[in-house]
Structures are given as structure tokens and as C-alpha cells.
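A quick write-up on the structure given underneath.
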Amino acid sequence: GVRMLTPADYSVSLPLILNRYCASATTDDFSNPTSGWPIRDTGSVIYRYLDGEYNIYHRNANEWAAVSRGDVWNKSKLIQASGRIDKNQGMWGLLFGLNNDWTDFYTFEISPNDQRWYFFHYIGSTGWILVDQGSTATIQPGNASNTLSIHDQYGFLGFQINGSWVTYQ
């Protein structure tokens, strides 16, 4: 609230926005298996809650999978996830900018064992496009947990790994 206590020949003007929109952080520690993440077995991939984590298990090598519970990301918010690769091989990351039919989106991924990061754009008609890549010692190798973050920084997207900035787009 704003209260003017005494009259004066100067004033403070505050932008007041009252549109019933007070976005709060959406967090999930995966302690509740009914929080909306898919639970299913496709034959080649199992999506499940396991030991207090959300788990995507690939039965075969060289597979790619993504999952969403349907949240809409407002790009002015922080998106962040901590994850790990259980068997020390492969890549994982965040998918964002998804259209309605999964034919256009971006991914920010890491390969922990190589300590490398990748920024991809997927377009259904042309396939995967490597937008940017790099390496950083801030990526914890092996099956250690890493935290990826995407921020809106003054109109640009900023990408962090374990709290360290790696690129802006």
C-alpha cells in the first residue's frame, strides 16, 4: 500500500499495477508423485518418480526424450532445474520456447563428462541446429548434480550452469 501522511509540494509517484497477477515461483522437489509429471512406460523410455527424484530411464543408447507437465514459461521468469546422469554418460538439459505441436523449440544441455554445454534449436522441417556451445569447469562431471538456469537479462536470455554465466542470446 501507499500512504501519503502529510501534504507537501513534492510527491513520489509509484507505478501501481493491480491486475490480479502476482506470479509466484513454481517449484517441485518431486516428493509428491501426483505433482503432474508424466508417469509412463513407452517401451524404450520410462518416466517415473524414483527415490525422491523424477527419473527418465532410457532402455537403449542414443535416444532422446523430453517431458513436460504443461507449465507455460513466461520468459521474464527464471527457469531452473538440477539434475544428474546416473550412469555417467549422456546429456541432459532444459527445453524451452516450445510450440503447440513440438515442431519448434530450443534446448540448453550439458554433457557432464566432457564439461561441455550446448544450445540447440529444433525445427521440425530442418532438424537440429547448433546455436552455440562451449566448455566450462563449473560443470560437475560424472553423476554429480548440476543446476542449469535460464534468465531474462534486459531482453536477452542468459544461461547459467551452477551459478556461472556461460552465454547470452
Distant-in-sequence amide H partners of residue 92 (H built 1.01 Å from N, under 5 Å):
110
Are there trypsin sites (Lys or Arg not before Pro) in segment 79-169 that DSSP puts in a loop and that have at most 10 other Cβ atoms within 10 Å, and which ones?
87
Student exercise, segment 32-169 dipole from Lys, Arg, Asp, Glu Cβ charges, in Debye to nearest 20
160
Theoretical FRET efficiency, 1/(1+(r/R0)^6), r = Cβ-Cβ of residue 92 and residue 46, R0 22 Å, to 0.05:
0.90
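Mind pulling up the Rg/Rh value for segment 66-169? Radius of gyration and Kirkwood radius, both on Cα. Spell out each step's value before the answer.
Working: Rg = 13.4 Å, Rh = 14.2 Å.
Across segment 66-169, the Cα-based Rg/Rh ratio is 0.95.
Report the gain in length on full extension from residue 137 to residue 80: 0.36 nm times residue separation, minus Cα-Cα distance, nm rounded to one decimal. Provide the component values of the computation, followed by the final result.
On the way: separation 57, 0.36 × 57 = 20.52 nm, distance 1.93 nm.
Length gained, residue 137 through residue 80: 18.6 nm.
Only the coordinates and a few stated rules stand behind these numbers; no lab work does. Remember, it's a predicted structure, so these values are computed and weren't measured experimentally. We place every Cβ from the backbone using ideal geometry, glycine too, and count neighbours over all the protein chains shown.
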